[in-house]
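Here the structure is laid out as structure tokens; the discussion comes afterwards.
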Amino acid sequence: MVCHYGKDLKEMIEQVKGYTKSGKVADYIPALLKANGDDIGVAIFDGNETCFSEGEHHKPFTLQSISKVLTLALALMDHGEDVVFSKVGMEPTGDPFNSIAKLESHIPSKPLNPMINAGALAVTSLIKGSSNEEKLDRLIQFVRELSGNSQITYNQNVAKSEFETADLNRSLAYFMKQHGVISGEVDVLLDFYTKQCAIEVDCEDLAKIGYSLAHQGEHPDKNYSIIPFEIARLVKTFMVTCGMYNASGEFAIRVGIPAKSGVSGGIVGAVPGGIGIGLYGPALDEKGNSIAGMKLLELISAKYHLSIF
Ligand code: GLU
């Protein structure tokens, strides 16, 4: 079977390149400032050996918030829905990803969903393991399985840079600890969370992860399921309702693909039963999504009729 999705990618990338100029590389994690705002790359995986890719598709970048999708799947596999959703809700929020506002205004005080930072911290606190090292090993192993890349690891500089500057996330965690959503040492949780966010991939890894999610956790190269059907379904639903920060509604209308973005400029897309898309474009729009990446996904979705709606 020949993948027919790749053939117009080059042209589409040329079309969206100009958008990078109106975006900005994330600077609140100092190490992310090293990225080149002009970069844009994409890979598409259709389940065959071949990954169609263009642009900076081999440049490594950190998962950042894309990791939230994977820790959610792992926490659900570790504990089941009842435990996980006793700590985090299922509703989108119109607030920025790092906002504390809804934690304070909602009773009981639990984060609205696992895709905002507060919710992700609560989910991360549930990952099983006797130490952060063991938890991180489990998570990295999971990412390696989903991507089929046994070399994946985390970027120590990015993790350290975020750990040293993560006072907003620390404050979310302290607030949740006070309200019984999480327990244990806040900095131990932050250590694991910042390493989780610093797991490094390229567009092709991300496209395979997207494909695994699109196919209910099926291994991209082999034929077995890594994530149970129901959990993959649930995770993709969160990607639709909350995956693109407070631009998720517009993204559902303009693109209509379950997706999750991160402040490093990565976006993973999972077309149910179809392709996986991995995208990198570190210049971000004001909501924290890759500015050229959003446009590129809009073009890809329109061209190949990929919207699920
Ligand atoms: N590590 C980042 C943070 O917690 C992830 C944010 C994101 O990619 O949206 O601030």
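Numbers for the structure displayed
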read-out: Condition check for residue 49: farther than 16 Å from residue 275 by Cβ and either open to solvent by 20 Å² or more (accessible area, probe 1.4 Å) or modelled with pLDDT under 95 (or both); value: no
read-out: Count of residues meeting criterion [hydroxyl-bearing (Ser, Thr, Tyr) and within 13 Å of the ligand (Cβ to nearest atom)] in the stretch 106-131; value: 1
read-out: Condition check for residue 42: part of a helix (DSSP H, G or I), closer than 25 Å to residue 154 by Cα and among the hydrophobic types (A, V, I, L, M, F, W, C); value: no
read-out: Total residues in the stretch 19-35, condition free of Cβ contacts under 8 Å to residues at least 40 places away in the same chain and either in contact with a helix residue (DSSP H, G or I) (Cβ under 6 Å, 6 or more places away or on another chain) or more than 16 Å from the ligand (Cβ to nearest atom) (or both); value: 1
read-out: Search result, residues across the stretch 273-304 that are part of a loop (DSSP other than H, G, I, E, B), more than 21 Å from residue 28 (Cα to Cα) and at pLDDT 95 or above; value: none
read-out: Residue check for residue 173: farther than 24 Å from residue 28 by Cα, without any contact (Cβ under 8 Å) to a residue 60 or more places away in the chain and either open to solvent by less than 60 Å² (accessible area, probe 1.4 Å) or within 16 Å of the ligand (Cβ to nearest atom) (or both); value: no
read-out: Verdict on residue 134 being among the charged types (D, E, K, R) and surrounded by fewer than 23 Cβ atoms within 10 Å (Cβ to Cβ); value: yes
read-out: Qualifying positions in the stretch 187-214 - more than 25 Å from residue 230 (Cβ to Cβ), within 13 Å of the ligand (Cβ to nearest atom) and not charged (D, E, K, R); value: 189, 190, 192, 193, 194, 197, 198
read-out: Filter result for the condition that a residue is away from the ligand (no atom under 16 Å from the Cβ), touching a strand residue (DSSP E or B) at 6+ places or on another chain (Cβ under 6 Å), in contact (Cβ under 8 Å) with a residue 24 or more places away in the chain and of a type in the set (Gly, Ala, Ser), over 184, 148, 217; value: 217
read-out: Residue check, residue 103 over 19 Å from residue 263 (Cα atoms), touching a helix residue (DSSP H, G or I) at 6+ places or on another chain (Cβ under 7 Å) and within 16 Å of the ligand (Cβ to nearest atom); value: yes
read-out: Every residue from the stretch 52-78 that is open to solvent by less than 20 Å² (accessible area, probe 1.4 Å) and aliphatic (A, V, I, L, M); value: 63, 66, 69, 70, 72, 73, 74, 75, 76
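The values are calculated or read from the model by the stated rules, or taken from the named source; none is laboratory data. Model, not experiment: these values are computed from the prediction. Virtual Cβ from ideal backbone geometry, glycine too; neighbours counted across all protein chains shown. Only protein heavy atoms, including side chains, enter the accessible area calculation; ligands, DNA and RNA are left aside. Shrake-Rupley method; radii C 1.70, N 1.55, O 1.52, S 1.80 Å.
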